[in-house]
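This report concerns only the one structure given below.
The values are calculated or read from the model by the stated rules, or taken from the named source; none is laboratory data. Worth saying up front: this structure is predicted, and the values here are computed from it rather than measured. Backbone-built Cβ (ideal geometry, glycine too); neighbour counts: all protein chains shown. The protein model used for the area step is the full one, side chains on, heavy atoms only, and it has no ligands, DNA or RNA in it. Shrake-Rupley method; radii C 1.70, N 1.55, O 1.52, S 1.80 Å.
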Amino acid sequence: MKDILDRLETRRQEARLGGGKARIEAQHKRGKLTARERIELLLDKGSFEELDMFVEHRSNDFGMEKTKVPGDGVVTGWGTVNGRAVYLFSKDFTVFGGSLSETHAQKIMKVQDMAMRARAPIIGLFDAGGARIQEGVAALGGYGEVFKRNVIASGVIPQISVIMGPCAGGDVYSPAMTDFIFMVRDTSYMFVTGPDVVKTVTNEVVTAEELGGASIHTTKSGVADGAFENDVECILQMRRLIDFLPANNESGVPDWPTQDPHDRIDESLDTLIPDNPNKPYDIKELIAKVVDEGDFFEIAPTHAKNIVTGFGRIAGRTVGFVANQPMVLAGVLDSDASRKAARFVRFCDAFNIPIVTFVDVPGFLPGTAQEYNGLIKHGAKLLFAYSQATVPLVTVITRKAFGGAYDVMASKHVGGDLNYAWPTAQIAVMGAKGAVEIIFRADIGDKDKIAARTKEYEDRFLSPFVAAERGYIDDVIMPHSTRRRLARALAMLKNKHVEMPARKHDNLPV
Ligand code: HXC
């Protein structure tokens, strides 16, 4: 009997070694943890239950029958994060570069199916070179099955992808279909094909970092939602993110205890808006001051910085925040900002996370660069996302709400449940200068007349009261009481229920 037990332990030890000691050392030398070390950090201590540790590939081509490694390059299973169940798979770069074989795919599909049945989030830790080249179509078929499951799970359970090494092919396409992608700086890359293939096909010489490093995907492309300094920081931040997320689309948001009074007054907010309407201020200061204990998890902090998106809590319950950022491009809406915010709004709506919108927006960004890039379609995505949302929508206009951007940013007209304005709000078709130059074009040469017209326009429109007189703004509130008003609004809207007409699905302007 002892022999049998020992044999199990020996086989387990073998599997735990993955691609062997030398490759583990190489992994560490690159500043990366192994697949199993990452899981240990991500899950509550001792909570990991591994599945399919002894699965091997079945390929006999290219001498593969001689190189079978138990587990076949991916560690799968389930465990808990702060007591809440999650499923996961962690790619092992030490085994065939983490590449996906037919059986490796079946392991991932098994946890995808289990996560769906249990309605629990699934997290993929990626460090892998895509489909296993030696297996050909068997590997491609495996990826197809994983992709299909990604899509079926979308909007049902949260799916998080963490890129922790060089990733290509299916190991970037599967993440692209999940809700969030995070990267590790300097050790992780995402590209459809790597620098060598790029050189062969296009003659372009490019480094891995230039092609698909965190510096590119968290700024230029917006493919990734954030990047962290190293594996440890990245995984600890993933634990923090999971605490904000609902288990599934029907569970409702988690409810964490908080010491922060929901009616906490913050006098400093009364002076947040500068006297000069063209002077910027940091909208993140407002977010930090209204959320519980100042705890805000920002999504895509370095891409389209003119809009801020992320999760906080009010009265212990998760809220999605969308806020124009006056510090960057005066908070204007451009294509990237519209796409970024639209995707975030849709995530919140899919998972029943209420949305608080802070508005200070001078309009959409004019110009050929934006128009050629499809601003009309991209801006429409955000308008569509808000108009479609059935979760509680609470909006606070802090300063400018000009033009179409006023309508788009969760206005009453597109479904805002409670629309508040600070006394500093200016709600109009455009700013005074632009407005006067158009409607009083004949007076442009007359400085005094223009000044008088500008003053008249400012007095009439650049306040919250014209909108409040029409009921487009439900109340003009004191900045210092914003947290209290939000907390009360969200409590009142907790059981909001809106039915959209039956249809197969909408036709979002993608
Ligand atoms: C089999 C692979 C592999 C793969 C890497 N390896 N990728 N084995 N299939 N796809 C193996 C290498 O042979 C090597 O084995 C070990 O993993 C480490 O790889 P290196 O190249 O030494 O590492 P590095 O220099 O860090 O480069 C990593 C890499 C590169 C950027 C991922 O290996 C690479 O470009 N791989 C191919 C990527 C690719 O084109 N994949 C197919 C995509 S198609 P040894 O034994 O030498 O250490 C796809 C289809 C999905 O995924 C459909 C999408 C829609």
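Filtering the stretch 433-471 to residues that are outside any helix (DSSP H, G or I) and crowded, with 18+ Cβ neighbours inside 10 Å leaves Leu462, Ser463, Pro464.
Scanning the stretch 218-232 for residues that are exposed (fewer than 15 other Cβ atoms within 10 Å of the Cβ) and outside any helix (DSSP H, G or I) turns up Lys220, Ser221, Glu229. State whether one or more residues within the stretch 490-510 are of a type in the set (Gly, Ala, Ser), farther than 28 Å from Lys289 by Cα, out of contact with any Cys (no Cβ under 7 Å at 6 or more places or on another chain) and open to solvent by 20 Å² or more (accessible area, probe 1.4 Å). Checked against the condition, which is being of a type in the set (Gly, Ala, Ser), farther than 28 Å from Lys289 by Cα, out of contact with any Cys (no Cβ under 7 Å at 6 or more places or on another chain) and open to solvent by 20 Å² or more (accessible area, probe 1.4 Å), the stretch 490-510 yields at least one hit.
Among the numbered conditions (1) away from the ligand (no atom under 16 Å from the Cβ); (2) open to solvent by 10 Å² or more (accessible area, probe 1.4 Å); (3) not in a strand (DSSP E or B), the only one that Ile235 does not meet is (2). The listed residues are Leu17, Leu5, and the only one of them that is surrounded by fewer than 16 Cβ atoms within 10 Å (Cβ to Cβ) and not charged (D, E, K, R) turns out to be Leu5. Selection within the stretch 238-278: residues that are under 18 Å from the mean Cα position of the chain (by Cα) and in a helix (DSSP H, G or I). The member of this set that is surrounded by the fewest Cβ atoms within 10 Å (Cβ to Cβ) is Arg240. The criterion of at least 2 residues that are without any contact (Cβ under 8 Å) to a residue 24 or more places away in the chain, closer than 26 Å to Asn230 by Cβ and open to solvent by 30 Å² or more (accessible area, probe 1.4 Å) is met, among helices (runs of 4 or more DSSP H) falling completely within the stretch 104-217, by 208-212.
Right, Gly331: over 18 Å from the mean Cα position of the chain (by Cα), at pLDDT 95 or above and more than 21 Å from Arg317 (Cβ to Cβ) or not? Answer is yes for this residue.
Considering only residues of the stretch 71-112 that are closer than 15 Å to Asp52 by Cβ and basic (Lys, Arg), which is farthest from the ligand (Cβ to nearest atom)? Per the criteria, the residue is Lys110. The helices (runs of 4 or more DSSP H) found wholly in the stretch 294-402 and carrying at least 2 residues that are among the aromatic types (Phe, Trp, Tyr) occupy 335-350, 375-388. The lone criterion from (1) open to solvent by less than 50 Å² (accessible area, probe 1.4 Å); (2) in a helix (DSSP H, G or I) left unmet by Val69 is number (2).
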